[in-house]
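Worksheet: the structure to be examined is printed underneath.
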Amino acid sequence: MPKLFSPGLAFLAFTTLFFLACKNEPSQEKSLPPASTSGHQRMIAILDSIAVNADPDLCYHLNTRKAEMIRQQIEADLPPDQLAVAKFKYGEQLLYAGKTEAATIQFAEAVTMVQNQMNEGNKVLFELLALSYLRLGEQQNCIQQHNAESCILPIQGEGVYKFKSGPETAIKIYEQILTAFPEDLQTRWLLNIAYMNLGLYPDGVPAKWLVPTRLFESKGDLKFRDIAIPLGLDVMGLSGGVCIEDFDQDGNLDLFMTSYGLSDPVRFFKNNGDGTFTERTHEANLDGIVSGLNTLHADYDNDGDRDVFILRGGWLAGGTHPNSLLRNNGDGTFTDVTIEAGLLSFHPTQTGVWMDFDADGWLDLYIANESFPGKTFHPNELYKNNRNGTFTNVASPLKVDFQSYYKGCAAGDVNNDRLPDIFLSNMAGANNLLINRGNGVFEDVAVRAGVINPQLSFPTWLFDYDSDGLEDIVVVGYGLNLQQDAAGDLLRDYLGQQPEGDWFRLYHNDGNEKFTDVAKQAGLDKITYAMGCNFGDLDNDGWLDFYLGTGKPDFRSLVPNRMFRNVAGKRFEEISMNGFAHIQKGHGVAFGDIDNDGDQDIYEVMGGAFEGDISANLLFENPGTQGNHWINIELEGTTCNRDAIGSKIAVNVIQKGGAKRTIWMSVSTGASFGSASLRQEIGLGPAEKIESVEVRWAQPGPAKSVYTDVPMDRFIKIKEGSDKVTVLDRMAIVLKGSVAAKAN
């Protein structure tokens, strides 16, 4: 028998998976309905045409269509030397399509064809046969019968499977693989997960393959629980983005989310303010607005309510999938105004950022696209806000139309000149740090600043992790190893065997536009396979923590989502096992005080890229047991942009014994994959009093406004030009399914 898998085939699969175009017919021009049709309806028609006409040979997440094409090839009497490979590919596409039982049949037949004799060349057959049974267990339990403990490490309690045949069969095959390949750490990890699914970890795991129990120990009392199910927020879907914001201005944070499938609807949930949510997608005029890998929100038209921008086509380099700008009409509805606004373009992307680059008081939009160097060309876009509802792409004349495989884009003021700078993470080369010199001039200082690495970068963000008044940069390496060994790399890292690669950079801002990588000193020299990301202050101690949604497209990458707690601005402690370590793929992440009780909750969009890799979204409720003080600040610009994006807040507090401390926060929606509330939810630690709050407004606002007599543990609003703060009457909400609700 010929080898069924080789490094050459692996590389071909890799390049096909990540870099081939998702081309759509009809062409862009033909897909546009008549100009007499409204822009909203024209966009719906474009998106529908893309979904119907996308080519499964070139669009890797149309797995049912692809499987059918391979099935027809098999039935066309393929020669014996091609049949085994075809059955392997057919089973693979069935697995990716979620047709798991059918996939097990194909892989079992392929294993029979090699006479159940395992070697290096056909080992992948046995891996995927075992994976099919493991995935079948996930579908029957974590997905179809999911509960608050499903798929969260360490799997215990209600998370233990009720339907056990899948992992039981997987264990037999995994042990066969490990007998032949005892150093296979990925299989060892998956074997332990299978035993955990059955409630047999650790005692039931053969000692020679046992993963140490210390890896699954929680730390401290800060433990979160998923309460999405009783609230109806456990939306099933693929990877996507999320916005947490008060879209209807009733004082309560709502949820807007997307899913990657070409026909997957966007979803909008209204926070009713009584502990429940109601889906209002249809009422919000969002029917037919489909797909999207990431979302960003901001008030682009300065009318007082937040609008939404949907990014599409990520990973499909060369694809022609347009983004969408949804205008908030202020009456509970949204209208797609992409075409009227001049934002219609056909490039693959999942990342962008709102910021006022020219300091005219109106938010502009930078979009980082995905070009496969030497193969496809999709220049980045910078849309200047014309202040009349339209935008003009000025990227080329301003020389910021870079072309590379950009996966993350974030903005912040790294040199404190009150102008937004831009950081771009690049999966195909050096990163870029664009310093805004004013008057439309950007200078790429990445080399001089020391921030070009890693050069396989994915998520990124700017935050002041040590609260010294200077914004630092996080950029997380991804690592596209051809073996798809994410779980093996994770276990190597856990066991102290640092995997090869440049995985994580925490760049401390040293001033003068220079940075030093302090990831190792901060305890962050880790492999994560991070995709989604965001940050906030989980314990209200005044130090910013962060959460990573993780994974790779391959179904074997059952790696936990990761939470890191900031310890006094010096180092980060991993607390993933405190309820956060979900092993399905995590994408859009947003922090926000959903229940108005003074601490931040987290919503995460789950699911992978392949058609059948669906998972339920999560809402992690903050237990609120930290005992620290807080303040929730809403800024309203008048000369600067209405959301005051790019402004900085310094909260000066007096601590016990008279010691003083300054806590810094910058106004943004957070990181590059997830859009957090624009309310600035600031932890104050054990402060006894707020001495003052300083606002350094984004240009063209005033350089600094100072406010005293500011209460702790309250919601306040500060309007540019006002000499006092407004205390908002916001009542805490007991969410349905929360610990507090159960106690009552």
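Some points to look at:
- At full extension, Asn439 and Lys162 could sit 93.4 nm farther apart than now, given 0.36 nm per residue minus the alpha carbon distance.
- For Thr338, distant residues with modelled amide H under 5 Å away: Leu325
- Note on Lys660: lysines with a C-alpha under 25 Å away, same-chain residues under 8 apart excluded, are Lys570, Lys648, Lys689, Lys704, Lys717, Lys724.
- All lysines inside 25 Å of Lys375 as judged from Cα atoms, apart from same-chain residues fewer than 8 positions distant: Lys23, Lys30, Lys66, Lys399, Lys407, Lys552
- Multiplying the residue separation of Met69 and Asp525 by 0.36 nm and removing their Cα-Cα distance gives an extension gain of 159.8 nm.
- On Cα atoms only, tilt of 123-138 relative to the major axis of the chain in degrees: 60 degrees
- Three-way shape label, the range 603-737, alpha-carbon gyration tensor, a/c 1.5: oblate
- Relative to the longest principal axis of the Cα atoms of the chain, the long axis of helix 100-113 lies at roughly 40 degrees.
- Over the chain, accessible surface divided per residue gives 35 Å², non-protein components excluded, 1.4 Å probe.
- Helix-derived mean residue ellipticity, 222 nm - over the chain, DSSP H n ≥ 4, -39500 (n - 2.57), to 500: -5500 deg cm²/dmol
- Remark on Thr349: its backbone amide H falls under 5 Å from those of Arg312, Gly313, Gly314, a criterion applied only to residues 5 or more positions apart or on other chains, H modelled at 1.01 Å from N.
- Inter-probe distance in nm under a simple model that places probes 7 Å from Cα toward Cβ, at Asp55 and Thr390: 3.5 nm
- For Glu283, no residue whose modelled amide H falls within less than 5 Å of its own remains once neighbours fewer than 5 places apart on the same chain are excluded.
- Cα-based shape type of the range 552-615, given that a ≥ b ≥ c are square roots of the gyration tensor eigenvalues and the cut on a/c is 1.5: oblate
- Within the accessible area of the chain, the carbon and sulfur atoms contribute 50%, probe 1.4 Å, all protein chains present.
- Couplings for the range 626-639, taken from phi via the Karplus curve 6.51 cos²θ - 1.76 cosθ + 1.60 with θ = phi - 60°, read 6, x, 8, 8, 7, 8, 10, 10, 10, 9, 10, x, 10, 8 Hz in order; Gly and Pro are left as x.
- Distance in nm between pseudo-label sites at Ala732 and Thr639 (7 Å out along the Cβ direction from Cα): 4.0 nm
- Among beta bridges from DSSP that stay inside the chain, the antiparallel ones total about 95%.
- Note, ³J(HN,Hα) from phi for the range 551-560, Karplus 6.51, -1.76, 1.60, rounded to Hz, x at Gly and Pro: x, 9, x, 4, 5, 6, 7, 7, 10, x
The values are calculated or read from the model by the stated rules, or taken from the named source; none is laboratory data. Since this is a predicted model, take the numbers as computed values, not measurements. Don't worry about glycine lacking a Cβ; one is built from the backbone with ideal geometry, like all the others, and counts go over all protein chains shown. Please note that ligands, DNA and RNA were not included when accessible areas were found on the heavy atoms of the full protein model with its side chains. Shrake-Rupley method; radii C 1.70, N 1.55, O 1.52, S 1.80 Å.
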